[in-house]
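Take a look at the structure below.
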Amino acid sequence: MEYLILVDNNDNPIGSDEKAKCHLPNGKLHRAFTILLFNKDGKLLLTQRSMSKMLWPGDWDGTVASHPRESETYVSSAERRLPEELGITCKLDYLFKFEYHVPYKNIGSENEICGTLIGILEEPERMRLVKDEISAIRWISLDELLAEIKKSPRTFCPWMLVALYLLPGSNKDINEKHKEILQMWMRSDYNADLNEPLKYHFPDHRWELKR
């Protein structure tokens with residue numbers, strides 16, 4: 001049985017609970033992470049969530065989303081989970097974290113402080129999908145992604161949209177490190193294209209950047 005780290009609003013651990021209980025009905029605030037993995041052409045690796053998922057089944061997500069274990073950092077947990085879900089390894093950098101709460105139909109909720117990590121996959125690797133987690137993958141450019149999100153925001157996971165919205169204003173040292181590859185993703189003007197999709201998932205704006 002998987003246990004998640006319960007946290008307060010400052011991301012301090014306050015206990016643990018079963019994964020299912022952390023997502024039902026309104027969720028308990030817990031620690032999570034999301035990975036945004038890019039290739040050398042600046043395309044983002046999207047993954048489609050398995051239809052067996054309780055929340056947002058079949059929707060498109062960033063590269064990997066999961067939960068740290070006790071004693072793990074955001075980086076170490078994400079670097080552990082990447083090969084488990086996709087069969088690849090990649091050096092990851094921590095960018096920021098945000099708190100959000102969003103329900104899924106009448107089934108459950110995500111209530112998380114979500115660390116966001118970024119990585120560059122320098123050389124193409126053959127990926128091995130864990131079907132209970134991921135049903136499909138694809139690489140996508142910023143313009144292609146924005147067009148799809150605008151057309152059908154409901155098919156994209158809400159936490160991914162928040163991470164993308166916050167990306168341009170995030171860790172300047174990391175952004176500078178990858179500026180040649182990620183220059184399009186660092187444009188602050190694309191935030192306007194995400195405002196309406198975010199309102200679709202968060203009509204009450206229940207998300208915020210954590211310092």
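Here is how the numbers come out for the structure above:
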item	result
Extreme residue, surrounded by the most Cβ atoms within 10 Å (Cβ to Cβ), among residues of segment 50-107 that are part of a loop (DSSP other than H, G, I, E, B) and small (Gly, Ala, Ser)	Gly62
Residues located in segment 1-23, provided they are surrounded by 15 or more Cβ atoms within 10 Å (Cβ to Cβ) and of a type in the set (Asp, Glu)	Asp11
Those residues of segment 105-126 which are among the hydrophobic types (A, V, I, L, M, F, W, C) and in contact with a His (Cβ under 9 Å, 6 or more places away or on another chain), in sequence order	Ile107, Ile113, Ile118, Ile120
Single match in Gly58, Gly15, Gly87, Gly62 (criterion: on the phi > 0 side of the Ramachandran plot and in contact with a Ser or Thr (Cβ under 8 Å, 6 or more places away or on another chain))	Gly58
Every residue from segment 157-211 that is within 21 Å of Lys40 (Cβ to Cβ), touching a residue at least 24 places away in the same chain (Cβ under 8 Å) and polar (S, T, N, Q)	Ser170, Asn171, Gln183
When residues of segment 114-138 are limited to those that are touching a Leu at 6+ places or on another chain (Cβ under 6 Å) and modelled with pLDDT of 95 or more, the one farthest from Ile5 (Cα to Cα)	Arg138
Residue, farthest from Glu99 (Cα to Cα), within segment 169-183, restricted to residues that are touching a Phe, Trp or Tyr at 6+ places or on another chain (Cβ under 7 Å) and not small (Gly, Ala, Ser)	Ile181
One residue from Ile113, Ile140 being surrounded by 13 or more Cβ atoms within 10 Å (Cβ to Cβ), under 20 Å from Leu44 (Cβ atoms) and β-branched (Val, Ile, Thr)	Ile140
Criterion: within 14 Å of the chain's Cα centre (by Cα) and closer than 23 Å to Pro57 by Cβ - qualifying residue of Leu82, Leu117, Leu95, Leu86	Leu82
Residues that are more than 19 Å from the chain's Cα centre (by Cα) and not acidic (Asp, Glu), drawn from segment 189-211	Ala192, Pro203
Some residue of segment 24-34 being in a loop (DSSP other than H, G, I, E, B), on the phi < 0 side of the Ramachandran plot, surrounded by fewer than 16 Cβ atoms within 10 Å (Cβ to Cβ) and among the aliphatic types (A, V, I, L, M)	yes
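The values are calculated or read from the model by the stated rules, or taken from the named source; none is laboratory data. Predicted model only: the values in this text are computed from it and were never measured. Backbone-built Cβ (ideal geometry, glycine too); neighbour counts: all protein chains shown.
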